[in-house]
1. Given +1 on the Cβ of Lys and Arg, -1 on the Cβ of Asp and Glu, and no further charges, what dipole in debye does region 344-426 carry about its Cα centre, rounded to the nearest 20?
2. Local charge sum around VAL490 (other residues, Cβ-Cβ under 12 Å, Lys/Arg +1, Asp/Glu -1)?
3. Report the net charge of residues surrounding VAL273, where surrounding means a beta-carbon distance below 9 angstrom and charges are Lys +1, Arg +1, Asp -1, Glu -1.
4. Quick one: compute the contact order of region 434-522, relative version, from alpha carbon pairs under 8 angstrom and 6+ residues apart, as a percent.
5. Please report how far the C-alpha centroid of region 431-485 lies from that of region 133-189, rounded to the nearest whole angstrom.
6. Sort 417-430, 96-109 by the packing proxy (mean of other Cβ within 10 Å over each peptide's residues), most packed first.
7. Stokes-Einstein D for region 348-424 at 25 °C, 0.890 mPa s, Kirkwood Rh over Cα pairs, in µm²/s?
8. Have a look at THR377, THR419, VAL356 and report the one farthest towards the positive end of the charge dipole of region 348-424, computed about the Cα centre with Cβ charges (Lys/Arg +1, Asp/Glu -1).
Amino acid sequence: MMREGWLFLLALCVCHLAREVGGEVSVNMVGDSEVYMGDSAEIRCQYNFLQNASMVMVQWFVRDHRGSRVRISYSDLTMQKVDENTNYTDRISISGDSGGENLTIVDVKLSDEREFFCQVDGLAAGSNEGKFHLRVFDPPEPPVIEAVNYGVSVTSALPSKVATCEATKGFPQPNITWYRNHKPLSLKHGQVNVITLLSKDSTGLYTVQSELQYKVTREDKDAHFSCEVSYYVPWAVRTVESKTVNISVHYPTNEIKMWKELPVGLVKEGDTVQIRCHGDGNPPPTITFKREQHTELEAYNNLLVLKDVTRRDSGMYHCHSLDLDSVSGDKDVMGNLQLTVHYLDPAVVVPKDSEVMLKGENLTATCNALSSLETSTVWLKNGVEIKNGNVLHLQDATFDTAGHYNCEVTVPTLPGLRTSGSVHIIVQGAPQLRDVKREVDVIEKVGKWVNLTCDVRGYPRPIVTWSGPSISGWREVVRKETEDFVQSIVTLKITRDTDAVAVCNATNKLGAETKIYTIRSIPIVTPAAQNTADNSGVIIVVIIISILLLAILGSVLYFLYKKGKLPCGRSGKQEIINPFSNKEKTNKDDIVVEMKADKTEESVLLKGVNGDKKPPTDQ
């Protein structure tokens, strides 16, 4: 066998020499030079002989990691064979035709990114080989960005780490680019620096870790940082951007704002005042409060609370921040607030408390209250506003002038400020009856009760008494007294003998006044007397109606007689009797009027009226 192998090799060498002398072949390799890991790749080896070849041998080789060539398949006119015990024994297949041969690789791995060789030998027709480089791609995972979880100070002299970005499991090696507010960051000495770490796992996939070092400024407190990973894919380059992150930037305080949080608007005595301070540094500085040059005031969470303030709390308030994060370390920033506590003193009324006036006198009352703001004053009596302004003029005093006067002082620009005062006016004078009538007649039926009222005003308060005859049931039922008013009401029962005068006497040291009641009774009318009176009235009405009827009847008869309508008597003569004539006809055969058969009520009543005969009730 060894001898035959050497002979075969010798024959190949002879053929090779013969090819170099007289034969020539061209080899061209095409196919999927870039594929995703796990996909299939197909490489075609195309060859062309200048002269006919009686025999063609095709061998496929790969270059291993040591640089050596390893055959993976062999074919000729009689056979196609995949070499045993290689990395491609189970993953490749060979197919061919007269113009070339195809090598198909399934389940492409990262290790397949290497050079593939196709060697073609036509013996005397010549031999040649082609080379094909296969590239394999595997996209990385989306980038993961993390900002540092601590504050980055602007006072740092060198760029500080602000964020990291990682892209894992990619092939070939991915690249990372940093962005600030979606604008790429370029390396700049003393400003921007990027540290990249590259690692490779057992499968050959790359992981890229990038650290951004950045010299932050105050403006970066609102900046957003992101990273972008770029990687190769077959025939293209793709990019994926991460989410954006914000970093905590530490910077010194340049300004402190100080404001009154509560109450809204003007401050008055008794209010609770809240004053807040806020420095623009980060982290927020600790604030101390002072009032003018006084000692430090107690505050919590940069909030100063002043309860039940008075005018003495007015003044200039300060808040201080000693920022240790400043460059010099002793930068003192201060805020100021002028606090004004408004007040309204109790009202002062002149005259004070109470004042006695004589009837007809004049009086001027004033109401004033000291305030830090402009005030408004009104006067009220019995809850009704009677005057605007702090001065009240009372002229020509009467008893109606007397009473309780209130003045109310308010601050229009600060409704919560309000005070009031009062004065009690007393009008001195002789008793005066409220009723203008000094004499009153009282007429009432027997058995009824009547009330006699006496209302008197005066100061000093009048003394009211009653004088009159001793009447049964006479008693006082109401007695009301105020400072300058007395009301007395007495009641009595009317009897048959009641015919009297009752006198109300009101007196004080300045005079007296009286009111006289004349009392009379009305007798009780019995039912019998009432019926008699009623019957008499009916009789009179009936008599009058009867007379009218007789007059009408007589007129009718006379009219008929004159017209000859009435029949004559036995003598044939027609005769009319005048009902108003005093002559009496003695002839009983004459026809007058058939009214004498019965005595009607009308005839009886008529005779009663004429005096001939009275009705039975009058006999």
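1. With Lys and Arg at +1 and Asp and Glu at -1, about 80 debye.
2. My count for the surroundings of VAL490 gives +3.
3. Numbers: positive: LYS260, LYS307; negative: GLU261, ASP271, ASP313.
Here the charged neighbours net out to -1.
4. 40 percent
5. For region 431-485 versus region 133-189, the Cα centre distance is 110 Å.
6. Details: 417-430: 19.0, 96-109: 15.7.
For the peptides 417-430, 96-109, the packing ranking is 417-430, 96-109.
7. On the way: Rh = 13.0 Å.
Calculated translational D: 189 µm²/s.
8. THR419
None of the figures in this text is laboratory data; all of them are computed from the coordinates on show. This is a predicted model, so every value here is computed, not measured. Positions of Cβ are backbone-derived with ideal geometry, glycine not excepted, and every protein chain shown enters the neighbour counts.
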